[in-house]
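Take a look at the structure set out below.
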Amino acid sequence: MSKICVIGTGYVGLVTGTCFADLGNEVHCLDIDHQRIEKLKQGIMPIYEPGLEQLVSQNVKAGRLIFTTNYEEALESAEFAFIAVGTPSGVDGEADLQYVRAAAEKIADLVDHPIIVVNKSTVPVGTGDWVADIIRKRRAGKPLDFDVVSNPEFLREGSAINDFMYPDRIVLGSVNREAASKVAQLYLSLRCPIMITDLRTAEMIKYASNAFLATKISFINEMANICEELGADVRQVAQGMGMDKRIGHAFLDAGLGWGGSCFPKDVKALAHMAVLHGTSPQLLQAVMDINRNQRRRVVLRLRKALGSLDEKVIGVLGLSFKPNTDDIREAPALEVIHLLQVEGAIVKAYDPQAMEAARTMLPKVHLCSNPYEVADGADALVLATEWNEFKQLDFERIAGLMRNKLIMDGRNLWDPERLRQYGFTYYGIGRPSLN
Ligand code: NAD
C-alpha cells in the first residue's frame, strides 16, 4: 500500500486516483474546483465515464479514496504526487503550463518529506526538468528530497477504467532510475510491459503516439476523399488494408476527423515544439489541414445539395467528440455546427450524454431530447458521433418527420441501401453516394 496524492480530478486524475485506490493504495484526489470536489464527496461524478461512479463509491466506502481541495491534507506524508492537471493549447499552439507550474509550486511550498513527483499531464519535452527546477529554486534555502518521473497517460475517454487496468504499456521516464522503479511498483499488479527511459524520451513518446494516431485518421480521410472521386468504398479499402498486420484495423475509420481534448492540442503542441527547435513538421501540418478540411467538406456538400444553407434547418446527431463520453472539447460536431451557423443555417441537435456541456457551449443550437425531435422539420440530418443509440433508428419515422430527406452520415454508420429504400438521399464519407 502506498500513499498517493493526485493533483487534478478531471478525466485523467479522477480515473487514475480511483484505480490506484482500487489497487489497494490510499489516495487523496485534490482539485482547486470546490464545486467538483463537493459533488464528488456526495457521490456525483463530474464527468460521464462508464463504470466510474461505482468504482468511486466502492473505494470511498473502503476508506481508500478521499476527495479534497486542501493541498496540505492531500500532500501530508504522500510518497507520490501525481500531477494530472490540464495542459490546454496556448495562443500559438504551445501547451499552456500554468496549471502544472501551480501544482509544482504547491508541492515545493508544502512538502517536507521525501516525495516522487509523477507527471501524468501531457507536457512538452523538457517539462520534467522544468518542474524539477521550479521546485529546486523555491526550496533553495531548504532543499527538498524529491525526484520527478514522467508517466504519460494513454487512457481513452469512454473506456478509461479498462485502459488503466489493462494498459498496453506503462512508460516511465526519469533521470533517477530508482525513482522510476518505485513508480513501476505501483503498476506491477497490472502485469503489463513497463518501459523505463529518460524524462525527455518518455514525454516525447506521448506526443509521438498521439500524433501517429491522428495521422492514421487523417490518412484514411484523405483516402476517403480520393475514393469518393474514383467511385471506391473507403470502408472496404480500410478493411482490406487493416488485414495486413503491419497496418492493423485500428484508427482507420473515415469520418469527420479527430477531435477531443487531446489530439488537436497535442498535435499542435508537437508541431509548435518542432518549429521552435528549427525543424519543419510538414507531415503534422498536413495531418491538421486534412482534419480541418473534413468538416468543411461536409458543409460544402450540404450546401451543394440544398442550394444554400441560409434558413435551412440542419439536425445534428451526436455532439461529443466520440461515443461513450460527455466531452465536447474540440468535437468535430462543434466545428460543423459553427460552419453551418456561419452560413445561416438553423441547427438542432441531440447527444445521449453531452447535453449539459452543450447548453453552455452551444447557446444558439436548439437542443432536442431525442433523434426524432431533431429530425422533425429538418432539411438535412448529419450524424457526427456514432453512439450505439443511433445505430438502430426508426428511419421510416424519420423519413415522415423530415422536410427534406437528406442524410449526411459523417461516421459511415448506416446502410445506404436501406436508407435509399425509405427515400433518403444518402451521403457517407468516402463511399459511393446513392440517390
Ligand atoms: P481536465 O480538464 O478534465 O481536468 C483537469 C483538472 O485539473 C480540472 O478539474 C482542474 O480544476 C484541475 N486543476 C487545474 N489546476 C489545478 C491545480 N493547480 N491544482 C489542482 N487541480 C487543478 O483534464 P484531463 O482531460 O484530465 O487532462 C489532464 C492531462 O492529461 C492533460 O495534460 C491531458 O492532455 C492529459 N491526458 C488526457 C487524456 C484524456 O483522455 N482526457 C488522456 C491522456 C492524457
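Cα extents for the chain along the principal axes, largest to smallest and rounded to whole angstrom: 74, 49, 39.
Cβ crowding within 10 Å, taken as a proxy for footprinting-reagent exposure, orders Tyr99, Tyr350 from fewest neighbours to most as Tyr99, Tyr350. Of Ser57, Ser121, Ser261, Ser77, the sequence from fewest to most neighbouring Cβ atoms within 10 angstrom is Ser77, Ser57, Ser261, Ser121.
When the chain is treated as a Gaussian network with alpha carbon springs shorter than 10 Å, the biggest mean-square fluctuation among Met243, Met165, Met45 belongs to Met243.
Here the Kirkwood formula, the inverse mean of 1/r across different C-alpha pairs, assigns the stretch 3-197 a hydrodynamic radius of 16.8 Å.
Dipole magnitude for the chain: computed about the Cα centre from +1 point charges on Lys and Arg Cβ and -1 point charges on Asp and Glu Cβ, it is near 560 debye. Partners of Lys137 within straight-line reach, counting lysines whose Cα lies under 19 Å from its Cα and excluding those fewer than 8 residues away in the same chain: Lys106. Percent of Cα pairs in the stretch 370-434 per distance bin of 5 Å, from zero to the largest separation: 4, 19, 33, 29, 13, 2. A dipole drawn for the stretch 162-268 from +1 and -1 charges on Cβ atoms has a positive end, and of Gly255, Ser209, Gly240 the residue lying farthest that way is Ser209. Considering helices alone, the calculated mean residue ellipticity of the chain at 222 nm is -13500 deg cm²/dmol, with DSSP H runs of length four and up weighted by -39500 (n - 2.57) and normalised per residue. Take the Cα of Gln98, step 7 Å toward its Cβ, do the same at Arg403, and the gap between the two points is 4.3 nm. Straight-line cross-link reach from Lys206 at under 12 Å between alpha-carbon atoms covers these aspartates and glutamates, not counting any fewer than eight positions away in the same chain: Glu153, Asp266. Remark: relative contact order (the chain) = 12 percent; criterion is Cα-Cα distance under 8 angstrom and separation of 6 or more residues. Among Pro152, Pro114, Pro416, the residue with the largest mean-square fluctuation in a Gaussian network model of the chain, with springs joining Cα atoms closer than 10 Å, is Pro114. Computed over the alpha-carbon atoms, the stretch 257-307 gives an Rg to Rh ratio of 1.16, Rh here being the Kirkwood radius from the mean inverse distance.
How tilted is helix 11-22 with respect to the longest principal axis of the chain? Cα atoms for both, answer in degrees (0 to 90, nearest 10). Between the helix axis and the principal axis of the chain, the angle is about 50 degrees. Taking the Cα centre of the stretch 242-427 as reference, the dipole from Cβ charges on Lys and Arg (+1) and Asp and Glu (-1) amounts to some 500 debye. For the chain, the longest principal axis of the alpha carbon atoms and the long axis of helix 332-342 meet at an angle near 50°. Candidate cross-link partners of Lys391 among the lysines, defined by an alpha-carbon separation under 23 Å and a same-chain spacing of 8 or more, comprise Lys322, Lys348, Lys405.
With only Cα atoms counted, the stretch 1-107 has Rg and Dmax values of 13.6, 45 Å.
Taking the longest Cα principal axis of the chain as reference, the axis of helix 127-138 is set at about 40 degrees. Highest average first, the peptides 139-146, 398-405 ordered by how many other beta carbon atoms sit within 10 Å of their residues are 398-405, 139-146. Could you work out which residue, out of Asn210, Asn162, Asn59, moves most in a Gaussian network model of the chain, that is, has the largest mean-square fluctuation with Cα springs under 10 Å? Looking only at Asn210, Asn162, Asn59, the biggest GNM fluctuation is shown by Asn162. The length gained on full extension between Arg191 and Asp33, counted as 0.36 nm times the residue separation minus their Cα-Cα distance, comes to 53.4 nm.
Every number in this text was worked out from the coordinates using simple rules, so none of it is lab data. Here the structure is a predicted model, which is why all the values come from computation and not from measurement. Backbone-built Cβ (ideal geometry, glycine too); neighbour counts: all protein chains shown.
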